[in-house]
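Reviewing the structure listed below.
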Amino acid sequence: MHSLAVHRSPLAVDARRPTANGQRRTRLFRFAALVVLLVSACKRQQPLSPNLNVENKVAMRTVSLYYESPDLLLAPEKRNLPLPENPAGALDVVMRELLKGPMNAAVPRLLPADTIVRGAYLLPDGTAFVDLGGPTLTQGWATGSHQELMALYSVVQTVTANFPEAKRVRVLVNGEPGETLGGHVSLTRALTPVPSMVVR
């Protein structure tokens, strides 16, 4: 029994092998799909606001910064600052302003001149954290008990007076819960305002 050989014509096309036109159409389809995806992604992406002040609702607001008065109590000094509406963002700005010192040169600076605010934030439970740093606080602040007490409570009073959400303040040193700033007042717990230390 003889098997019949099937001879393909040179012009026959293998159905399993894509033609040049088919390959071109596939590439065009994939490219078009990619363009559609990119366009859709661009439409979904919200453009960034060119004005962050508008985005954060920054406005001039009056704050009270507390410094030592001649009668050895804390007294408020009013200043107008551009602050964001969000207390978490405003807290850091207010703390940096406090460290600039009083406008009246006759009023003593409470914290060392090289003190910096490394960060300040507010937790939902009403605890505010103020992280201080700088060479003097890092190496050990040699100061008396009165100045250390007034320095710490100037921070506490400034935070709680300007941010009603803050009920207590925890002061950190270089990001760590240090024991004390100058050897007299414990920082192992959060501090609350002491009304008797404020001018009435």
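Please count how many residues of the range 181-200 are in contact (Cβ under 8 Å) with a residue 24 or more places away in the chain and either at positive phi or charged (D, E, K, R) (or both).
The qualifying residues number 1.
Output the number of the condition that residue 57 fails; it satisfies all remaining conditions of (1) modelled with pLDDT under 95; (2) surrounded by 15 or more Cβ atoms within 10 Å (Cβ to Cβ).
Single failed check for residue 57: (2).
The values are calculated or read from the model by the stated rules, or taken from the named source; none is laboratory data. The structure displayed is predicted, hence computed values, not measured ones. Every residue, glycine among them, receives a Cβ derived from its backbone with ideal geometry; neighbour counts consider all protein chains shown.
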